[in-house]
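Student: Here it is, the structure, as structure tokens.
Since every read-out is calculated from the coordinates, none of them should be taken as a lab result. Every value quoted in this text rests on a predicted model; they were computed, and no experiment measured them. With ideal geometry, Cβ positions are generated from the backbone for all residues, glycine too; neighbour counts draw on all protein chains shown.
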Amino acid sequence: MKSLLDRPAPTAAADLTLRRGAARVLIDNWTGASTVPSRTLYPHQWSWDSAFIAIGLRHLSVRRAQQELESLLSAQWADGRIPHIVFNPAVPDDAYFPSPDFWRSSTAGRAAGAPASPETSGIVQPPVHALAAWLVHRADPAESRRRGFLTRVRPRLAAWHDYLLGHRDLGGGGLAAVVHPWEPGMDNSPCWDQALRRVEPAAPDAFRRADLNHGHPADRPTDLDYGRYVRLVTDYRDAGYDDRAARHTFAVEDPCFNALLIVSERALAAMARETGADASTHSARADALTRHLVTRLWDDSAGVFRVRDLATDALVGEDSVTGLVPLLAPHLPPHVVSRLVDTLTGPRFDAPATRLVPSYALTGHAFDAQRYWRGPAWFNTAWLIHRGLRTHGREQDAERLRRGFLAEAGRSDFAEYVDPTTGAARGARHFSWTAALTLDLLCADPKEPTP
Amino acid sequence: MLKTAAQEQLLPGDTLQAKWEFAQEAGYDAIELRGKGDFHFASRLDELKKARKDGVVMPTVCVDMLHFLGAFDADLRRDAVDQMKSQLTVIAEIGGRGAQTPASYGMFSRRLPPFEPPRTEEEDREVLLSGLTELGEHARKEGVTLFLEPLNRYEDHMVNRLEQAADLIRAIGLDSIRIGIDSYHMNIEESDPAAAILAHADVIGHAQVSDSNRFQPGAGHLDWSAWLGALHTIGYDGHLALECRLTGDPLEAVRSVPAFLKRSGA
């Protein structure tokens with residue numbers, strides 16, 4: 001076990017306070033086998049939240065970090081998909097919408113392999129899980145081996161990636177597509193506006209939002225967007241969540257989603273080597289995904305990766321943080337890396353009031369400083385970009401981002417996101433992944449490689 | 001980093017000075033004393049003062065008797081309170097922080113026949129409030145703290161969880177009474193030990209450590225990093241005092257604990 005003493009210890013009083021505050025959030029939001037993203041706004045288990053949470057939890061309790069991922073994987077469908085929400089049966093249906101009786105996973109999803117219990121959603125979120133599992137393993141390899149952690153999770157994670165590349169390569173170009181704006185995790189990003197306009201919204205009386213009970217309407221997606229989200233889920237559900245049978249009116253290839261698949265394939269390769277299995281399939285997949293990412297989603301004139309709308313087979317002309325996250329991929333062409341760093345530090349993403357990266361270009365026509373993924377700066381994307389900068393040896397930029405992240409996390413009381421023009425905290429406070437990634441930036445070895 | 005202490009009976013050597021030498025070499029920061037009845041602890045005052053002069057660090061004493069402040073028998077109860085008062089006085093005299101006691105130990109368990117104790121819950125509470133108030137006032141006068149230790153359900157029927165101890169302490173309202181938590185008992189009684197530490201952070205004063213099987217930390221299956229992480233989170237600045245049975249070579253077992261706790265996040 002790598003001793004905590006061997007790691008760089010936060011010595012400054014501010015770091016200690018921050019570390020205590022972050023640990024408190026994670027202990028408070030732990031529910032016994034997993035962590036809720038927020039006690040008020042998000043009362044169940046979310047897929048990519050759990051992965052980010054595990055990355056921080058490994059510094060507090062390796063065992064809890066393992067449980068966090070394994071409880072999520074226990075709700076995996078037989079077709080390999082990891083649902084984006086695993087519902088806590090103890091929470092009333094009306095605490096969150098869409099609720100289990102809307103998704104109906106155990107009945108509508110039965111043919112696709114949904115478990116009889118627990119109830120889950122039927123869509124997915126970005127595949128950051130294998131990266132998280134590898135980082136959790138690395139935090140204490142002896143404990144991981146003793147508990148057989150990798151042996152248990154590796155086949156499940158491989159099945160998850162098989163699902164994405166086998167069922168979701170809807171464009172035929174070797175990348176995984178997403179079929180709902182919630183899948184790339186950036187729910188109301190302007191990147192989806194064009195594709196969403198083709199979707200007939202569900203009638204407003206067909207659903208009742210629960211997110212406005214605790215969240216401020218100005219911070220949340222609009223009602224019209226919500227109607228479209230509901231329509232897409234209804235159609236997918238009515239097709240039995242079968243990707244081959246469903247007629248996906250919304251299908252896009254997202255840079256962040258596929259970049260995470262690349263590093264997660266590399267994490268699976270590392271796990272395979274660690275457990276004496278063959279790593280070559282995963283390495284080859286990561287290399288192929290990297291090539292396809294650059295071929296299909298790199299926009300050289302814009303200096304950023306862009307979303308490909310599969311209905312038009314064209315790139316969407318919006319500059320979003322999703323287009324910067326691919327910095328995380330280690331084998332990008334050098335000129336792509338340089339251009340990405342230029343874009344990151346240029347007028348589109350260099351925010352006046354925060355070092356964090358705005359979710360959408362400050363100069364973009366749809367920029368909204370307060371509304372969720374249409375401008376606010378988020379902590380998980382900053383963490384990913386920080387890691388990407390380190391991966392490509394941009395230490396100074398990485399360190400600046402790390403310091404900015406920590407300052408913002410403490411100042412905002414671990415907010416869900418911040419207004420990039422004023423620095424004001426928005427959304428939920430005591431947000432789990434903000435606290436978890438704070439802990440990671442305080443405690444992880446800065447030289448820890450991304451696989 | 002959290003400091004560690006070992007109870008004196010776990011350390012080899014005929015004198016506290018010899019035990020301290022071993023303890024320091026193993027990485028301990030202090031020795032936790034054991035306080036026997038019949039005013040035996042007070043009779044050791046010269047020995048303790050000498051040890052203190054020789055540099056032995058002794059912040060706490062843990063009671064080592066068979067009757068306690070919550071005894072059913074009024075005479076035993078009276079004696080237990082008198083013994084604890086004496087122990088508080090002695091630990092104050094040697095510059096320590098406080099003395100630890102459970103409400104009772106081995107007297108009654110609601111999980112074992114005959115299941116129903118001879119006293120009602122209200123009577124139990126009255127007895128505890130009365131004894132703790134007397135001890136708390138005495139501790140305050142001496143400038144030290146009384147640590148009330150919740151024990152698991154098989155060892156005590158009155159105070160099993162932190163919330164029960166916290167409730168008594170808040171009812172009395174004296175800063176000189178705090179909870180002395182014990183990882184082994186918490187593992188049995190608390191649904192989430194780390195969360196319990198956060199919930200009652202303001203009244204936690206002392207901590208004893210042993211693993212899930214009552215052996216030394218590292219010999220069982222407690223999630224030490226979560227438990228210690230919670231103590232860090234509340235800014236706990238007392239000791240982690242080793243009170244356990246030993247498995248394996250006893251000296252090696254005692255020697256292994258400071259390093260194990262540090263590796264686990266202490």
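Student: Pop the C-beta distance of residue B:105 and residue A:403 into the FRET formula with R0 = 60 Å and round what comes out to the nearest 0.05. Before the final figure, lay out the partial values.
Tutor: Values: r = 52 Å, r/R0 = 0.86.
Plugging the Cβ-Cβ distance into 1/(1 + (r/R0)^6) gives 0.70.
Student: Now for a different question. To make sure I understand the rule: partners must be aspartates and glutamates, Cα under 19 Å from the Cα of residue B:49, and not fewer than 8 residues away in the same chain. Which ones qualify?
Tutor: Cross-link targets: B:8, B:14, B:21, B:29, B:32, B:93, B:142.
Student: Can you sort B:109, B:191 by how many other beta carbons sit within 10 Å, fewest first?
Tutor: Fewest-to-most Cβ neighbours within 10 Å comes out as B:191, B:109.
Student: Skipping prolines and chain starts, which residues have an amide H placed within reach, meaning under 5 Å, of the one on residue B:208, given they are 5 or more residues away or on another chain?
Tutor: For residue B:208, the qualifying residues are B:181, B:182, B:183, B:241.
Student: Per-residue ellipticity at 222 nm for chain A, helices alone: DSSP H runs ≥ 4 residues times -39500 (n - 2.57), over residue total, nearest 500 deg cm²/dmol? Could you put the intermediate results ahead of the total?
Tutor: Working: 16 runs with 195 residues, N = 451.
Estimated from H runs of four or more residues: -13500 deg cm²/dmol.
Student: Then there is this: Counting only other residues whose beta carbon sits under 9 Å from that of residue A:135, what net charge do I get with K and R as +1, D and E as -1?
Tutor: Summing Lys/Arg as +1 and Asp/Glu as -1 gives 0.
Student: Which value, to two decimals, describes the C-alpha radius of gyration of the protein assembly as shown once divided by 2.2 N^0.38 Å?
Tutor: This ratio for the protein assembly as shown stands at 1.08.
Student: Same structure, new question: Treat each spin label as a single point 7 Å out from the Cα along the C-beta direction, and report the residue A:244 to residue A:193 distance in nm.
Tutor: 3.8 nm
Student: Further question: For residue A:151 paired with residue A:222, estimate the spin-label separation in nm (one decimal), with each label point 7 Å from Cα along the Cα-to-Cβ line.
Tutor: 5.5 nm
Student: Also, quick follow-up: Report the local net charge at residue A:240: Lys and Arg +1, Asp and Glu -1, summed over other residues whose C-beta lies under 15 Å from its C-beta.
Tutor: +1
Student: Among B:112, B:168, B:151, whose mean-square fluctuation peaks in a Gaussian network model of chain B (Cα, cutoff 10 Å)?
Tutor: Between B:112, B:168, B:151, it is B:112 that shows the largest mean-square fluctuation.
Student: Sticking with this one: Please report, in debye to the nearest 20, how large the charge dipole of the protein assembly as shown is about its Cα centre when each Lys and Arg carries +1 at its beta carbon and each Asp and Glu carries -1 there.
Tutor: About 1540 debye.
Student: Then there is this: In whole Å, largest first, what are the principal axis extents of the Cα atoms in the stretch B:3-263?
Tutor: 49, 41, 34
Student: Which value, in debye to the nearest 20, describes the size of the charge dipole of the stretch A:205-321 about its Cα centre when Lys and Arg Cβ atoms bear +1, Asp and Glu Cβ atoms bear -1, and nothing else is charged?
Tutor: For this selection, approximately 220 debye.
Student: Output ³J(HN,Hα) for the stretch B:200-205: one whole-Hz value per residue in order, computed from phi by the Karplus curve 6.51 cos²θ - 1.76 cosθ + 1.60 with θ = phi - 60°, and x for Gly and Pro.
Tutor: Once rounded to whole Hz, the list reads 10, 3, 5, 10, 8, x.
Student: Still on this structure, I have one more. In a GNM of chain B with a 10 Å cut-off on Cα contacts, which of B:74, B:92, B:196 has the highest mean-square fluctuation?
Tutor: B:74
Student: Using Cα springs under 10 Å in a Gaussian network model of chain B, which residue among B:216, B:17, B:87 shows the largest mean-square fluctuation?
Tutor: Largest GNM mean-square fluctuation: B:17.
Student: In whole Å, what is the distance between the alpha-carbon centres of the stretch B:44-111 and the stretch A:157-193?
Tutor: If we compute the Cα centre of each part, the gap is 65 Å.
Student: Next question, about the same structure. Per 0.36 nm of contour for each residue apart, how much would the distance between residue A:300 and residue A:411 grow if the chain were fully extended, relative to their Cα-Cα spacing?
Tutor: Here the segment from residue A:300 to residue A:411 would lengthen by 36.3 nm.
Student: I would also like to ask the following. Can you work out the Karplus-derived ³J(HN,Hα) for every residue in the stretch B:186-198? Use 6.51 cos²θ - 1.76 cosθ + 1.60 with θ = phi - 60°, whole Hz, and x for glycine or proline.
Tutor: 3J(HN,Hα) across the stretch B:186-198, in whole Hz: 4, 4, 7, 9, 8, 6, 9, x, 5, 5, 5, 5, 5.
Student: Okay, moving on. Under a 5 Å amide H to amide H cut-off, with H placed in plane at 1.01 Å, what residues pair with residue B:177 once short-range neighbours are removed?
Tutor: Residues meeting the amide H criterion: B:146.
Student: Using +1 at the C-beta of Lys and Arg and -1 at the C-beta of Asp and Glu, which of A:126, B:200, B:169 has the Cα lying farthest in the positive direction of the dipole of the protein assembly as shown?
Tutor: A:126
Student: Express in % the proportion of alpha carbon pairs of the stretch A:345-451 at distances exceeding 16 Å.
Tutor: Roughly 53 percent, once rounded to a whole number.
Student: May I ask you to list, by number, the DSSP H helices of chain B whose Cα span along the axis is at least 27 Å and whose average Kyte-Doolittle hydropathy reaches -1.0 or more?
Tutor: TM-like helix candidates: B:74-93.
Student: FRET efficiency for residue B:49 and residue B:129, Cβ-Cβ distance as r, R0 = 41 Å, nearest 0.05? List each step's numbers first, then the result.
Tutor: On the way: r = 34 Å, r/R0 = 0.83.
Computed FRET efficiency for residue B:49 and residue B:129: 0.75.
Student: For the stretch A:373-451 and the stretch A:269-319, what is the separation of their Cα centres, given in Å?
Tutor: Each part reduced to its Cα centre gives a spacing of 23 Å.
Student: Then there is this: Return the FRET efficiency for the residue pair residue A:312, residue A:17: r is the Cβ-Cβ distance, R0 is 51 Å, and the value is rounded to the nearest 0.05.
Tutor: Rounded to the nearest 0.05, the efficiency is 0.50.
Student: Note down the nm distance, to one decimal, between modelled labels 7 Å out along Cα→Cβ at residue B:64 and at residue A:93.
Tutor: 6.3 nm
Student: Kyte-Doolittle cut-off 0.0, length cut-off 20 Å along the helix's own axis using Cα: show which whole DSSP H helices in chain A pass.
Tutor: Working: long enough: A:13-28 (22 Å, 0.36); A:149-167 (27 Å, -0.13); A:223-238 (22 Å, -1.03); A:255-274 (28 Å, 0.72); A:280-297 (25 Å, -0.34); A:395-411 (24 Å, -1.21).
Those that clear 20 Å and a mean of 0.0 are A:13-28, A:255-274.
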